[in-house]
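Presented below is the structure to which this report refers.
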Amino acid sequence: MLPNTNPTTTKSWKKLQEHFEAVKDVHMKDLFAADAERANKFTIKWEDFYVDFSKNRITEETLGYLLQLADEVKLKDAIKSQFSGDIINQTEGRAVLHTALRAPKNAEFKVDGEEVMPEIYAVKEKIERFTNDVVSGTLKGYTGKAFTDVVNIGIGGSDLGPAMVVDALQFYKNHLTTHFVSNIDGDHVNEVIKKLDPETTLFVIVSKTFTTQETLSNANTIKEWFLKSANEDAIAEHFVAVSTNIEKVQGFGIDANNIFPMWDWVGGRFSLWSAVGLTISLAVGYEHFDSLLKGANKMDDHFKNEDFDSNIPVVLALLSVWYNNFFNVESEAVIPYSQYLNQFATYLQQGIMESNGKSVDRNGNPIDYQTGTIIWGEPGTNSQHAFFQLIHQGTKLIPADFIGFGKSLHGNQDHQDKLTSNFLAQTEALLNGKTEAEVVAEGTPEAIIPFKIFSGNKPTNTIYINKLSPESLGKLIAMYEHKIFVQGIIWNIFSYDQFGVELGKQLASKILQEFNTSATNEHDSSTQNLLDFYKKLR
């Protein structure tokens, strides 16, 4: 069981409220001017990570109260409960053990008293064998040709994680071309399959229950397309599945040996570390996939063992709570200065907003304080030419994580210097802004002066990493996973269910019946008008 504390009833919360009134208008420039050691005090150096959180609207007193809050909600006990395999997903009666998937073989993780590491490593060994056979060309398609393309068929956590990682690790990819089919939009799947050769394409269907509407619809459409040039027996050679529903998978025509199991103690949005990551392994090779897991495990150990004041996920989560609950900030931007991470913010949207988008506490009572934050972002420098104007001079306060890498993978130093100069300049500009005196000194016409003033005082975290590698990416993803966990503990919510996505699915099933049968359901007048409009277009 998780600790159960309404954060607003704690002494530290009340101190933070009082403290907020005293510091809410303080400019960070003044804080830097008053303390020459500020940057060093608010920086965490760990392995190849350099995390500077000094450009935040905090003082040492602020951080002290936030750390007290972590203690008062018994965060240490909660972390221990998660890593011990306790049923912390209480609404669904499940443990939350994605951390076990990246732990070393000799680690101890139990679910319902049973060690899970042996079965985890059995699946990992199966992934390794299968990956090596496909990549080497040992395993071939029904006409004896080696595979050239891999199509991942899934949605949500069965798509977003693998798609993001494969994109992020393009530099490390092998000769296989990887595709992702997720949306039930028929144009999506047809645009993918028109590029494929059925003789050389491997399909990976990812669905825990093998009943997800989008995934099964796409899988069946692809199967029909495939069977136009192959017979039923060939399905077993070209389709594999990641699922728990053995009967339905075999009914589809997939060989039992090509089913990769998953577990109900791994949530979809945290599942890329499991057999759901099979497409990652196929795309970059098992060795790189394993490095991804090892990187995440290193962050797990850091999170589990490090004191809170130098614990990267804990500090980042506390800062997020500070802005969300005291400054009434509603969104956070994630800005990676790497085009490889162009899907990273999209991936985090599910992880963060599906986890912590809750309005009742762990007692089932309505919450009267803010919980989950809205996450958005794009890579720099593209984003500088898109939405940075709003962050710099708009009326909204938007804390931002800037993620950068010291080394270019392709070694173009000229480009890397220009990229890094922008990476560093933007956080400096957001901190300092530009005063009226500075604008005047530039010779700006008087009528234009107000429009060129920047207030500054915009908070940022700088997460600087030596190089984008499978291991460093694993650390980065796990860092955000643990940040999600800490936020959920502080807000006293259950982060690992997602009942909010079910209602729309249920209603969609009812509406779908009305398209092809005489079934009728009661709708509001707006939905009924839209339904009638669509029927006329069909």
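The values are calculated or read from the model by the stated rules, or taken from the named source; none is laboratory data. Note that this is a predicted model, so its numbers are computed, not measured. Cβ atoms come from the backbone with ideal geometry, glycine included; neighbour counts cover every protein chain shown.
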(message) Anything in the stretch 258-277 that is farther than 24 Å from residue 355 by Cα, in contact with a Ser or Thr (Cβ under 9 Å, 6 or more places away or on another chain) and either modelled with pLDDT under 95 or not in a strand (DSSP E or B) (or both)? List them, or say none.
(response) none
(request) Exactly one condition in (1) touching a strand residue (DSSP E or B) at 6+ places or on another chain (Cβ under 9 Å); (2) of a type outside the set (Ser, Thr, Tyr); (3) outside the structural domain of residue 161 (by TED's automatic domain parsing) is not met by residue 93; state its number. (result) (1)
(message) Consider the stretch 430-471. How many of its residues are of a type outside the set (Phe, Trp, Tyr) and either at pLDDT below 95 or not in a loop (DSSP other than H, G, I, E, B) (or both)?
(response) 23
(request) Please tell me if residue 161 is loosely packed, with under 13 Cβ neighbours inside 10 Å, out of contact with any Cys (no Cβ under 7 Å at 6 or more places or on another chain) and over 18 Å from residue 230 (Cβ atoms). (result) no
(message) Quick test of your reading of the structure: residue 198 fulfils all but one of (1) touching a Phe, Trp or Tyr at 6+ places or on another chain (Cβ under 9 Å); (2) surrounded by fewer than 19 Cβ atoms within 10 Å (Cβ to Cβ); (3) more than 27 Å from residue 267 (Cβ to Cβ). Name the failing condition by number.
(response) (2)
(request) Tell me, please, whether a residue that is more than 18 Å from the chain's Cα centre (by Cα) and not hydrophobic (A, V, I, L, M, F, W, C) can be found in the stretch 481-491. (result) no
(message) Among the residues of the stretch 465-476, are any under 26 Å from residue 328 (Cβ atoms), buried (at least 23 other Cβ atoms within 10 Å of the Cβ) and in the same structural domain as residue 321 (by TED's automatic domain parsing)?
(response) no
(message) within 25 Å of residue 170 (Cα to Cα) and in the same structural domain as residue 479 (by TED's automatic domain parsing): which single residue out of 361, 417 fits that description?
(response) 417
(request) Mind counting the residues in the stretch 472-521 that are touching a residue at least 60 places away in the same chain (Cβ under 8 Å), assigned to a helix (DSSP H, G or I) and not small (Gly, Ala, Ser)? (result) 19
(request) Residue by residue through the stretch 380-409, note down the ones that are touching a strand residue (DSSP E or B) at 6+ places or on another chain (Cβ under 6 Å), part of a loop (DSSP other than H, G, I, E, B) and within 17 Å of residue 457 (Cβ to Cβ). (result) 398, 399
(request) Would you mind finding the one in 396, 452, 458, 358 that is more than 30 Å from residue 497 (Cα to Cα) and surrounded by 19 or more Cβ atoms within 10 Å (Cβ to Cβ)? (result) 458
(message) Residue under question is residue 144, and the condition is that it be modelled with pLDDT of 95 or more, small (Gly, Ala, Ser) and not in a loop (DSSP other than H, G, I, E, B); does it hold?
(response) no
(request) Give the residue, chosen from 372, 351, that is out of contact with any strand residue (DSSP E or B) (no Cβ under 7 Å at 6 or more places or on another chain), surrounded by 13 or more Cβ atoms within 10 Å (Cβ to Cβ), of a type in the set (Gly, Ala, Ser) and in a helix (DSSP H, G or I). (result) 351
(request) Collect the residues in the stretch 84-108 that are surrounded by fewer than 21 Cβ atoms within 10 Å (Cβ to Cβ) and either free of Cβ contacts under 8 Å to residues at least 40 places away in the same chain or in contact with a Ser or Thr (Cβ under 6 Å, 6 or more places away or on another chain) (or both), keeping them in residue-number order. (result) 84, 93, 105, 106, 107, 108
(request) Any residue in the stretch 115-136 that's part of a helix (DSSP H, G or I): show its pairings with residues that are of a type in the set (Ser, Thr, Tyr) at Cβ separation under 6 Å, as long as the two are six or more apart or on different chains. (result) 127/281; 128/286; 131/281; 131/286
